[in-house]
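J.: I'd like to ask you about the structure that follows.
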Amino acid sequence: MAEEKSFKYVIVGGGVAAGYAAREFSKQGLKPGELAIISREPVPPYERPALSKGYINLENKASLPNFYVCAGSGGEKQFPQWYKDNGIELLLETEIVKADLASKTLVSGTGQVFKYQTLIAATGSSVTRLSDFGVEGADAKNIFYLRELLDADELVTAMNVKANGKAVVVGGGYIGLELSSALKVNNMEVTMVYPEPWCMPRLFTAGIASFYEGFYANKGINIVKGTVAAGFSTNSDGEVTEVILKDGRTLEADIVIVGVGARPIISLFKGQVDEEKGGLKTDAFFRTSVPDVYAVGDIATFPMKLYNDMRRVEHVDHARKSAEQAVKAIKAAEEGNSVPEYDYLPYFYSRAFNLSWQFYGDNAGETVLFGDNDPTSAKPKFGSFWIKDGKLIGAFLEGGSPDENKAIAKAAREQPFVESLEVLSKEGLSFVSNI
């Protein structure tokens, strides 16, 4: 029988949320041996967004340890030694395959048993694969996904081997846009393929998207819309050679990168915890329906106070903040105290080429475009506001200064009244700078 280890607190998952939770525990006070982080990754928690940005820039590569948490938010980098110094047990390359919440027991793939008093589920998301949809040839060599460090390492190797070759990026969301730019910067020929009428449809309006599509086209990126990858051809080594599109066309490819979304990893907890909107249902302190079990990051469906509904948010900013909130709530409860409810303002951002955008709030209601969204401009700067029930509830800005980004965030939180969409379109940023 495998040895049994027991801890006061266990975090399952070793991503951004786990790293920020560990920092909050150490701030709040932790005795050696009280906390364990169990992660299937081979390295300590790191800032995942670096994988689609600096990490794959071959000329000027960001590498570990430079993006261990909490570097991405201007905090201290938590090296392996940091965990030791703080008495935190970091169990890497350890996958939990069974969780029995009633008996507070976790079992790893190698049969190791872990007991806990309080559990934080921070399992994150797994990438959606084309083989999940039965796409023919989807297991060919040089078809990559990007979720973990290992994925990025494999991609970087292939980019070196297939230097100046042809890359096809499947998907027009975050990963698609960021990776297409990275591949282009690294001198590859790039084609993007996605089924929707425009890129980033979950957030972008047609007006926003037309700027990025124009900008990418001017950089020499070929964009194919309205179709999907239906299959792949390979050579005798099993390497991908072309992408077969559903509309019958084929695209030559030395490398294929797929970014078609991710799914929350909650199978461990199925049937034991209340679920909602594809995640584990929590309250404003990230407590699930099971006592002493908390859920944070991508897998938590929590009450979003600002909009008075239940939401699940897949973003690094929420991973960090939800983790901190859960730990604060755990520690306060032990002392018979409480903490304020989580009051999150949705925030998304991206950087590609020399572009940089930020979005705050909710993208619902009517939209107004303002500013200069000509992709050929020397310094494009434009944005969009979302207006619902006469109030501004969402704001997007490309090329904003730190102060301007703060102003749109403040506006999205305070939801000022909008009298006329036409006037708002003319006023643009000056509308929010007066709030």
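The values are calculated or read from the model by the stated rules, or taken from the named source; none is laboratory data. Source: prediction; values computed, not measured. Using ideal geometry, Cβ is built from the backbone for each residue, glycine included, and neighbour counts are taken over all protein chains shown. Keep in mind that these areas ignore ligands, DNA and RNA; they rest on the heavy atoms of the full protein, side chains included. Shrake-Rupley method; radii C 1.70, N 1.55, O 1.52, S 1.80 Å.
J.: From the list ALA319, ALA352, ALA323, ALA333, pick out the single residue that is out of contact with any Lys or Arg (no Cβ under 7 Å at 6 or more places or on another chain) and modelled with pLDDT under 95. Full working, then the answer.
T.: Values: ALA319 fails: modelled with pLDDT under 95; ALA323 fails: modelled with pLDDT under 95; ALA333 fails: modelled with pLDDT under 95.
After ruling out the rest, the residue left standing is ALA352.
J.: Also, I was wondering about something else. Going through TYR46, TYR20 one at a time, which residue ends up being of a type outside the set (Gly, Ala, Ser) and under 23 Å from GLU335 (Cα atoms)? Spell out how you get there, then give the answer.
T.: Working: TYR46 fails: under 23 Å from GLU335 (Cα atoms).
Criteria check complete, one pass: TYR20.
J.: Restricted to region 1-43, and to residues that are small (Gly, Ala, Ser) and out of contact with any helix residue (DSSP H, G or I) (no Cβ under 9 Å at 6 or more places or on another chain), which residue is modelled with the lowest pLDDT? Break it down into steps so the answer makes sense when it comes.
T.: Here is the first cut: in region 1-43, the residues small (Gly, Ala, Ser) are 2, 6, 13-15, 17-19, 21-22, 26, 29, 33, 36, 39.
From what's left, out of contact with any helix residue (DSSP H, G or I) (no Cβ under 9 Å at 6 or more places or on another chain): 2, 6, 14, 33, 36.
On the way: ALA2: 65, SER6: 98, GLY14: 98, GLY33: 97, ALA36: 98.
The qualifying residue modelled with the lowest pLDDT is ALA2.
J.: Then there's this: Going through region 361-392 one residue at a time, which ones are crowded, with 19+ Cβ neighbours inside 10 Å, without any contact (Cβ under 8 Å) to a residue 60 or more places away in the chain, closer than 22 Å to HIS315 by Cβ and out of contact with any Lys or Arg (no Cβ under 8 Å at 6 or more places or on another chain)?
T.: GLY383, PHE385, TRP386, LEU392 - these are the residues of region 361-392 that are crowded, with 19+ Cβ neighbours inside 10 Å, without any contact (Cβ under 8 Å) to a residue 60 or more places away in the chain, closer than 22 Å to HIS315 by Cβ and out of contact with any Lys or Arg (no Cβ under 8 Å at 6 or more places or on another chain).
The rows are residues; the columns are (1) more than 24 Å from the chain's Cα centre (by Cα); (2) without any contact (Cβ under 8 Å) to a residue 24 or more places away in the chain; (3) open to solvent by less than 40 Å² (accessible area, probe 1.4 Å).
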| residue | (1), (2), (3) |
| --- | --- |
| ALA102 | yes, no, no |
| THR118 | yes, no, yes |
| ALA122 | no, no, yes |
| GLY137 | yes, no, yes |
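J.: Can you tell me which of GLY214, GLY248 is more than 24 Å from the chain's Cα centre (by Cα) and closer than 19 Å to GLY172 by Cβ? Break it down stepwise before answering.
T.: On the way: GLY248 fails: closer than 19 Å to GLY172 by Cβ.
Result: GLY214 is the single residue among GLY214, GLY248 that is more than 24 Å from the chain's Cα centre (by Cα) and closer than 19 Å to GLY172 by Cβ.
J.: Identify the residue in region 213-243 that is β-branched (Val, Ile, Thr) and in contact (Cβ under 8 Å) with a residue 24 or more places away in the chain and, among all such residues, is surrounded by the fewest Cβ atoms within 10 Å (Cβ to Cβ). Step through it out loud before you land on a result.
T.: Here is the first cut: in region 213-243, the residues β-branched (Val, Ile, Thr) are 221, 223-224, 227-228, 234, 240-241, 243.
Remaining after also requiring in contact (Cβ under 8 Å) with a residue 24 or more places away in the chain: 221, 223-224, 227-228, 234, 240, 243.
Details: ILE221: 22, ILE223: 20, VAL224: 18, THR227: 14, VAL228: 18, THR234: 16, VAL240: 23, VAL243: 25.
Result: THR227.
J.: In region 39-57, is there at least one residue being over 30 Å from ASN186 (Cα atoms) and open to solvent by less than 10 Å² (accessible area, probe 1.4 Å)? Even if it seems obvious, please write down each step before you answer.
T.: From region 39-57, those over 30 Å from ASN186 (Cα atoms) are 39-40; that's our starting set.
Within this subset, residues satisfying the condition of being open to solvent by less than 10 Å² (accessible area, probe 1.4 Å) are 39.
Yes.
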